[in-house]
């Protein structure tokens, strides 16, 4: 009998949402069924509606809270992905993991200025705002507008980042 590879076992754990207090469906098909790497966007266009964005933003927040960082990064817009590579982003969050805390709840989605969409959500009683755009037939998270303090952290070397966020590597 063959033993599954460690990568396959990790993929199964991430896609089934093990470790979280509530189950979360996999937002994208597994690599084996599509031939695409985990965390890749679906090939079908996202509906360009507020309802679709609300659903996608909730999955995005759930993925972040549950450590499914490749899927989070895949939703970033082009300018945000230029800040840090996916491999470095995933490494930083995997090696400097913070506790998941309370789940995020997307509350409202509305059209904002200059083509941006505003997503308001709550985590543990605190209110937050993210900005999203529609690029290349997909809803994309704008890190530079939503969380500029993270941009400066991601531009640091890994050791500087680890020290800044209090990570012990």
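Scanning the range 130-146 for residues that are free of Cβ contacts under 8 Å to residues at least 60 places away in the same chain and out of contact with any strand residue (DSSP E or B) (no Cβ under 8 Å at 6 or more places or on another chain) yields 135, 136. Each residue in the range 120-169 was checked for being surrounded by 12 or more Cβ atoms within 10 Å (Cβ to Cβ) and part of a strand (DSSP E or B), and 16 pass.
If a residue must be under 17 Å from residue 143 (Cβ atoms) and either in a strand (DSSP E or B) or in contact (Cβ under 8 Å) with a residue 24 or more places away in the chain (or both), how many such residues does the range 107-119 contain?
4
Restricting attention to the range 77-98 and to residues that are outside any helix (DSSP H, G or I) and surrounded by fewer than 21 Cβ atoms within 10 Å (Cβ to Cβ), the residue that is modelled with the lowest pLDDT turns out to be 98.
The values are calculated or read from the model by the stated rules, or taken from the named source; none is laboratory data. Bear in mind the structure is a predicted one, so any value in this text is a computation, not a measurement. As a convention, Cβ positions derive from the backbone with ideal geometry for all residues, glycine included, and neighbour counts pool all protein chains shown.
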